Amino acid sequence: MSWYYIEGILILSGINLVAVLGLSLLTGFTGLFSFGHAGFMAIGAYAAAFATMKLGMNFYVALLFGGLMAGIIGYVLGKLTLNLKGDYFIIATLGFGEAMRLILDNIQYFGGARGWPGIANYTNLTNVVIINVIGIIILVNIINSKHGRNMKAIREEEMASNIIGIDVFKYKLKSLMISAVYAGISGGLLAHYIGFLQPKMFQLIKSTELTIIVIFGGLGSVTGSVVGAIVLTALPEVLRNVKEWRLVLYGATVVFIMITRPQGLMGGKEFRVIHIIKRIVSKLKAPLNKEVS
Amino acid sequence: MTTFLQQLINGISIGSVYALMAVGYSLVYSIMNFSNFAHGGVIMIGAYLGFFALAIWQLPFPIAFFIAAVGSGILAIVLERIAYNPLRKRNAPFLYFIISAMGASIFLENIVIATIGPNFKTYPQVFQKTPYEIGALAIGRLDVVMFIISAVSLLILLIIIEKTKVGMAIKATAYNFKASSLMGVNTDYIIFIVFGLGGALAGIAGILFGMKYTVYPQIGVITIKAFIAAVFGGLGSLSGAVIGAISLGIIETMTAGYISSQLRDLIAFALLIFILVVRPMGIMGKMNEDKA
């Protein structure tokens, strides 16, 4: 395996991870499911590509522009649909994602369904890693702030959080907007990595993939999302030589995880080096304590 | 005027097949309270079973139809046993059901790609192409067959639900799962029946769709239309699902006929979001605090 190939997988994992981080806030920490985040990625991708190719903007400004556009659309979508509960919200996001793709199919300015070739390749491993690190730092800070605590309260018990004075709608909206911004930035990175955009890239299956990564990593765990994004992006590549069967295995694995270990890889816990050291120390101490008593 | 009537008839015909899918989906929703995203996979398998029966094994249409319906029904039941039953036993949140369903749907789609291949398959011609002509209208034979089969299937379902003891138990379980189980309804059995019925309807929809268009592994995507129809009519309401499906069929063919066929799906999704915003419980749906 050449480094070029491994680098490619790492970049793709990193791009997925940006979107997964946002979705992790929405799904893992606020308890809302979305099957429309590919739509936000599409908005970010087309907006960023538009900014760099047509307006001649700086790549990083263009990424933020893409994220911002996705965030604005997220705000509008949230305003309209966040009053819906459970399946209704999921179906609304599903409808949004598919509608976004169909709209892009019909915009001839961006090449329509045929696609938009020749986008400059600005994305590389260095800036993907840096953006991910910044993304994780911001996300962890949000989660540990007052806002994040309110979101977690909503996830645990919506009615109770409403009663103690948390504006449920507002925090759901915030969560959706932030996750949309992350997805938009991820889309912008994708556009400038592949160099080609086509609405087909942002089908329902893409949204599903993102959600599956979040679940696989464990709801409510940032490190779980990181591991999930890398493992699940690399897995189909590792299974490349079994060709068509890899997605069969993928589907079966998802069902298997759901029925055996639904809490995911990390199960809401974070992976911290300090915790592991503490655990090892306490295990070493345990026999000593016994002797003393 | 003729074009309008023509489009209306086409719309009703396609809408009746949507109704088959939407009712199966809504039936499961009414009992289990989650969106069975694997419904599309069952429809796809139904379409392939029909294709194999008609094209490869050269069976007459009624037998092929029977194979598609029963095979899909069994598949839906097996799916429930493997992917949902363990979750149900553990009282898992509905989100896990949805992810499990998504996984099952990816599995079904790709196992067909891996074994049969990703190519489009065309059904042999079962019904003659020459349309019935009434005045200036030309009604395709297949459209008439589709409508009649759908209507009869839905009628049978209606009789099962309204006139039999099992049907009463289904209604009771849909109304309140826990209470009906306390009243001695065997809810496991009801879920078994509901998945069987929903799967059979999906299989029928699959073979009809295959005859009208072609068969391919991604045909299950069409269930998104069934979700829209079911939401349009009110999730969990069977009459709502039928009304929603027929309306959706008519709206789609009208859009395709008068505006642009490219905008057809877009209008369907716009309608979905509009309905969810304006009247989330749908046309016939009951207002339920938990749902809307």
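The values are calculated or read from the model by the stated rules, or taken from the named source; none is laboratory data. Model, not experiment: these values are computed from the prediction. With ideal geometry, Cβ positions are generated from the backbone for all residues, glycine too; neighbour counts draw on all protein chains shown.
Numbers below:
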read-out	value
Candidates A:LYS79, A:LYS85, filtered to the one that is surrounded by fewer than 19 Cβ atoms within 10 Å (Cβ to Cβ), within 14 Å of another protein chain (Cβ to nearest Cβ) and within 21 Å of A:THR211 (Cα to Cα)	A:LYS85
Residues within region B:200-232 that are within 14 Å of chain A (Cβ to nearest Cβ) and charged (D, E, K, R), tallied	1
Residue check for A:THR93: modelled with pLDDT of 85 or more and facing chain B (nearest Cβ under 7 Å)	no
Elements of type helices (runs of 4 or more DSSP H) in region B:133-221, at least 3 residues being over 18 Å from the mean Cα position of the chain (by Cα) and surrounded by 14 or more Cβ atoms within 10 Å (Cβ to Cβ)	B:141-163, B:165-175, B:177-182
Helices (runs of 4 or more DSSP H) wholly inside region B:1-115 containing at least 3 residues that are without any contact (Cβ under 8 Å) to a residue 24 or more places away in the chain and away from every other protein chain (no Cβ under 14 Å)	B:61-79
Breaking point among (1) assigned to a helix (DSSP H, G or I); (2) more than 14 Å from chain A (Cβ to nearest Cβ); (3) free of Cβ contacts under 8 Å to residues at least 24 places away in the same chain, for B:THR255	(2)
Cross-chain or 6+ apart pairs with Cβ under 8 Å, region A:228-239 first and over 18 Å from A:GLY28 (Cα atoms), then of a type in the set (Ser, Thr, Tyr) and assigned to a helix (DSSP H, G or I)	A:THR233/A:SER13; A:ALA234/A:SER13; A:LEU235/A:TYR250; A:PRO236/A:TYR250
Residue match in region B:145-167 (condition: of a type in the set (S, T, N, Q), more than 14 Å from chain A (Cβ to nearest Cβ) and closer than 30 Å to A:VAL255 by Cβ)	yes
Sole exception among (1) over 26 Å from B:THR122 (Cα atoms); (2) buried (at least 24 other Cβ atoms within 10 Å of the Cβ) for B:MET44, by number	(1)
Wholly within region A:190-267, helices (runs of 4 or more DSSP H) carrying at least 1 residues that are at the interface with another protein chain (Cβ under 9 Å from one of its Cβ atoms)	A:204-217, A:245-260
Verdict on A:GLU98 being surrounded by 14 or more Cβ atoms within 10 Å (Cβ to Cβ) and either within 26 Å of B:LEU95 (Cα to Cα) or away from chain B (no Cβ under 14 Å) (or both)	yes
Per-region count, region B:274-292, residues at pLDDT 75 or above and surrounded by 20 or more Cβ atoms within 10 Å (Cβ to Cβ)	2
Test for A:ILE142: is it among the hydrophobic types (A, V, I, L, M, F, W, C), closer than 17 Å to A:TYR60 by Cα and under 22 Å from the mean Cα position of the chain (by Cα)	no
Residue identified as modelled with pLDDT under 80, crowded, with 16+ Cβ neighbours inside 10 Å and more than 26 Å from B:THR115 (Cα to Cα) among A:LEU219, A:LEU265, A:LEU197, A:LEU284	A:LEU265
Where B:ASN10 falls short, out of the listed (1) under 21 Å from B:ALA151 (Cα atoms); (2) crowded, with 24+ Cβ neighbours inside 10 Å	(2)
Sole exception among (1) modelled with pLDDT under 90; (2) away from chain A (no Cβ under 14 Å); (3) more than 26 Å from B:ILE9 (Cα to Cα) for B:VAL194, by number	(1)
Residue list for region A:1-58, filter: of a type in the set (D, E, K, R) and closer than 19 Å to A:ALA229 by Cβ	A:GLU7
Test for A:ILE163: is it modelled with pLDDT of 85 or more and among the β-branched types (Val, Ile, Thr)	yes
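Yes/no per residue for (1) closer than 13 Å to A:PRO199 by Cβ; (2) surrounded by fewer than 17 Cβ atoms within 10 Å (Cβ to Cβ):
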{"site": "A:ILE103", "(1), (2)": "yes, no"}
{"site": "A:GLN108", "(1), (2)": "yes, yes"}
{"site": "A:ARG114", "(1), (2)": "yes, yes"}
{"site": "A:PRO117", "(1), (2)": "no, yes"}
{"site": "A:TYR122", "(1), (2)": "no, no"}
{"site": "A:THR126", "(1), (2)": "no, yes"}
{"site": "A:VAL133", "(1), (2)": "no, yes"}
{"site": "A:ILE136", "(1), (2)": "no, no"}
{"site": "A:ASN141", "(1), (2)": "no, yes"}
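Every residue, every condition in (1) closer than 18 Å to A:VAL181 by Cα; (2) touching a Gly at 6+ places or on another chain (Cβ under 8 Å), yes or no:
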position	(1), (2)
A:MET41	yes, yes
A:GLY44	yes, yes
A:ALA51	yes, yes
A:LEU68	yes, yes
A:TYR75	yes, no
A:LEU84	no, no
A:ILE91	no, no
A:ILE103	no, no
A:ALA113	no, no
